[in-house]
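We did not get these values from a lab; they are worked out from the coordinates using the rules stated. Just so we're clear, the structure is a prediction, and the values are computed from it rather than from any experiment. Using ideal geometry, Cβ is built from the backbone for each residue, glycine included, and neighbour counts are taken over all protein chains shown.
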Amino acid sequence: MSEKIRVAVAGAGGRMGREVVKMVLEDETLELAAAINRSGAGKDAGELAGLKPCGLIVVDDLDAALASAKPDVLVDFSVPSVVYSNTVTAIKHGVRPVVGATGFAPRQIEELDELCREAHIGGLIAPNFSIGAILMMQFAAKAAEYLPHVEIIETHGDQKLDAPSGTSIKTAELIAKGREKFKQGNPDEEEILPGARGGEYEGFRIHSVRLPGVFAQQEVIFGGYGQSLKIRHDSYERAGYMPGVNIGIKKVMAYTGMVYGFEHLM
């Protein structure tokens, strides 16, 4: 690509946002066009990310930043309560959203797809940008065709706000596509302690663990006659998501409409 892709980062002062800023500044094919964060406004975006000054000042108004900077892509890892409105704002400005937040309702994704198509731009909503995690989901979906008895255990730090995680929900959706719907377990099963069996999705269970000192893990367990299969993925630091975000930024330039799931870009 001859011209650099101009990238704006929403939530630039957050833990994921800082990693995105670093990745953009270190990629010669990308240009940091804007950094938006409610706190940290007035600071240098490079310094906020732990690097040397880059000359770009963090601002706190997304709409104004997109209007003035005119980026090609907005990367957004901000909180679920604002990410939908941020995405709408980006599309309104003709900016391609690359979103790493969860909590979108199916109807919201449909609406965003319609808005992207009307604007003739692409967008991406990805519950997980880790290439290893995407492979874990794909392997699990394939395994479910042969071993339909399955449960998901996802583990995150105790500061994570949503449960179950977006990754586990996306995994469950992929599994359900190739698995005949039925309710697992003994029909007379009784939960002595409510919630002990986890959340139910299409007849199988998702369990969420929240503990300090943990980053991100997910294990998909399949059971069959005389055997079991465990597919597990572990993330150890946020930098592990950046190769996927980098791919998302570059590939979304060639798409029209909203893509839900990073697996569609692999």
To the nearest 20 debye, the chain has a Cα-centred charge dipole, built from +1 on Lys and Arg Cβ and -1 on Asp and Glu Cβ, of 380 debye
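Taking a quarter of the surface of the Cα convex hull of the chain, what do you get in nm²? Please list the in-between numbers first.
Numbers: hull surface 61.7 nm².
The number I arrive at for the chain is 15.4 nm².
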Whole-Hz Karplus couplings 3J(HN,Hα) for the range 228-235, θ = phi - 60° and coefficients 6.51, -1.76, 1.60, Gly and Pro as x, run 9, 9, 10, 10, 10, 10, 10, 10
Partner lysines whose C-alpha sits under 18 Å from that of LYS92, ignoring same-chain residues fewer than 8 away, are LYS70
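Counting only Cα atoms, I'd like the Rg/Rh figure for the range 81-143, Kirkwood definition for Rh.
Numbers: Rg = 13.4 Å, Rh = 12.8 Å.
That ratio equals 1.05.
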Restricting to Cα pairs under 8 Å and 6 or more apart, the percent relative contact order of the range 1-111 works out to 25 percent
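Counting only DSSP beta bridges with both residues in the range 131-235, tell me the antiparallel percent, nearest 5. Don't skip to the end; give the middle numbers.
Values: 20 of 26 bridges.
Among the beta bridges of the range 131-235, antiparallel pairing accounts for roughly 75 percent.
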Ranking SER208, SER165, ALA196 by how far each Cα lies towards the positive end of the charge dipole of the range 131-235 (+1 on Lys and Arg Cβ, -1 on Asp and Glu Cβ), the top one is SER165
Taking a straight Cα-to-Cα line shorter than 21 Å from LYS177, and setting aside same-chain lysines fewer than 8 residues away, one finds LYS142, LYS230
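Net charge near LYS52: determine it from the other residues with C-beta under 15 Å of the C-beta of LYS52, scoring Lys and Arg +1 and Asp and Glu -1.
Details: positive: ARG18, LYS22, LYS43; negative: GLU26, ASP44, GLU47.
Overall, the nearby charge balance is 0.
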With the charge dipole of the chain built from beta-carbon charges (+1 for Lys and Arg, -1 for Asp and Glu) about the Cα centre, the Cα from VAL259, SER81, GLY178 projecting farthest to the positive end belongs to VAL259
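Considering only DSSP beta bridges whose two residues both sit in the chain, what percent are antiparallel, to the nearest 5? Numbers along the way, then the final one.
Details: 21 of 48 bridges.
Given both bridge residues lie in the chain, the antiparallel proportion sits at roughly 45 percent.
With only Lys, Arg, Asp and Glu charged, each at its Cβ (+1 for the first two, -1 for the last two), find how big the charge dipole of the range 184-260 is about the Cα centre; round to the nearest 20 debye.
620 debye
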Straight-line reach check, LYS43, cutoff 17 Å on alpha carbons, 8 or more apart in-chain or any other chain, hits among aspartates and glutamates -> GLU19, ASP60, ASP61
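How long are the three semi-axes of the equivalent ellipsoid for the range 131-235, computed from the Cα gyration tensor as the root of 5 times each eigenvalue, in whole Å, largest first? Show your work: numbers first, answer last.
Working: eigenvalues 90, 68, 27 Å².
Taking √(5λ) for each eigenvalue gives 21, 18, 12 Å, largest first.
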